[in-house]
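The values are calculated or read from the model by the stated rules, or taken from the named source; none is laboratory data. This one's a predicted model, so the numbers in the text were calculated from it and none came from an experiment. Cβ coordinates were reconstructed from backbone atoms using ideal geometry, including for glycine residues, and neighbour counts include every protein chain displayed. Areas reflect the complete protein model, heavy atoms only, side chains present, ligands, DNA and RNA absent. Shrake-Rupley method; radii C 1.70, N 1.55, O 1.52, S 1.80 Å.
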Amino acid sequence: MKKLLALTLSAGLATAGAQTYSSTGMNGVELGLTGGYAGGLSGEVFVHAPNVAGPIGVKAGVSFTRPSDAINDNAPIDPTGTLFPPTFTYGQAKQQGLVTESGSRVVASLDGTYSLGEVSPGLGTTLYAGGRYGLFRSTADFGSSGSQTFSSSAFGVGAGVMVSYGLTGNLSLVGDLGIDQFFGSSITVTSSNGNSDTFTPGDAGYNNVSNAFVRPGTVFKARIGIKTGF
């Protein structure tokens with residue numbers, strides 16, 4: 001009888017421990033990769049711990065976006081006045097084949113998540129919201145005449161919803177819809193001739209530089225991909 005009671009007690013404690021771990025532990029960590037649109041062709045890799053405290057979790061991610069437009073075509077060329085006359089616009093230069101443009105956006109995110117569970121069989125929904133930190137860069141390349149690179153970093157906030165559908169085993173299809181908002185920040189302009197200037201909001205010339213540099217303010221994003229659990 002004593003052995004039976006001991007076994008029963010041990011089993012009960014083990015079951016209680018397992019239940020506590022599944023509701024508050026770090027089990028079920030997910031690794032995901034998504035791609036789609038966020039102001040341009042965009043991809044993100046993320047790690048999600050969904051069960052930190054019941055339905056509340058933590059998600060960290062890094063995204064890379066190639067913007068669909070890096071330089072404002074209506075802005076005058078060289079707003080700092082070091083390369084070209086300010087009356088010559090980027091749009092005119094592009095039409096004449098004198099300039100090419102390129103850009104990149106790297107955004108790190110840290111979100112709190114809240115699982116709504118399965119809204120239908122096999123279909124899970126998770127809400128998220130948190131902070132953002134972005135590094136933005138655009139370059140106007142005039143070939144042998146030189147180039148200008150605009151760069152800035154900015155903090156922001158974002159929110160969205162992830163919907164997942166189990167495929168097989170620990171593999172799931174995941175869709176991500178959301179919106180990010182980035183705040184104003186200083187801009188550094190570096191020319192191929194070695195000149196470099198930093199403009200902060202309120203500085204003379206800041207508006208001209210900001211007008212030329214296409215960087216995110218409000219960004220709507222839609223990505224789809226896969227995730228796996230561990």
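Can you confirm whether Gly43 is open to solvent by 20 Å² or more (accessible area, probe 1.4 Å), under 17 Å from Phe182 (Cβ atoms), modelled with pLDDT of 95 or more and part of a strand (DSSP E or B)?
Details: open to solvent by 20 Å² or more (accessible area, probe 1.4 Å): yes; under 17 Å from Phe182 (Cβ atoms): no; modelled with pLDDT of 95 or more: yes; part of a strand (DSSP E or B): yes.
So Gly43 fails the test.
From the set of residues in the stretch 63-82 that are within 17 Å of Lys221 (Cα to Cα) and assigned to a strand (DSSP E or B), which is modelled with the lowest pLDDT? Outline the logic, then answer.
Going through the stretch 63-82, the residues within 17 Å of Lys221 (Cα to Cα) turn out to be 63-69.
Remaining after also requiring assigned to a strand (DSSP E or B): 63-67.
Working: Ser63: 98, Phe64: 98, Thr65: 97, Arg66: 97, Pro67: 94.
Only one residue tops the list, namely Pro67.
If you check Thr228 against the conditions, is it open to solvent by 70 Å² or more (accessible area, probe 1.4 Å) and assigned to a strand (DSSP E or B)? The answer is no for Thr228.
Could you please let me know if Ala129 is at pLDDT 90 or above, farther than 30 Å from Asp73 by Cβ and open to solvent by less than 60 Å² (accessible area, probe 1.4 Å)? I'd like the intermediate steps shown before the answer.
Details: at pLDDT 90 or above: yes; farther than 30 Å from Asp73 by Cβ: yes; open to solvent by less than 60 Å² (accessible area, probe 1.4 Å): yes.
When the stated conditions are applied, Ala129 passes them.
Restricting attention to the stretch 86-126 and to residues that are of a type in the set (Ser, Thr, Tyr) and open to solvent by 40 Å² or more (accessible area, probe 1.4 Å), the residue that is farthest from Leu177 (Cα to Cα) turns out to be Thr87.
What is the residue count in the stretch 143-164 for residues that are touching a Leu at 6+ places or on another chain (Cβ under 6 Å) and at pLDDT below 95?
Just the residues of the stretch 143-164 that are touching a Leu at 6+ places or on another chain (Cβ under 6 Å), to begin with: 146, 153, 160-161.
From the residues that got through so far, the ones that are at pLDDT below 95 too are 146.
Residues flagged as touching a Leu at 6+ places or on another chain (Cβ under 6 Å) and at pLDDT below 95 within the stretch 143-164 amount to 1.
Could you list, in sequence order, the residues of the stretch 16-35 that are at pLDDT 95 or above and either part of a helix (DSSP H, G or I) or over 18 Å from Thr125 (Cβ atoms) (or both)? Correct list: Leu31, Leu33, Gly35.
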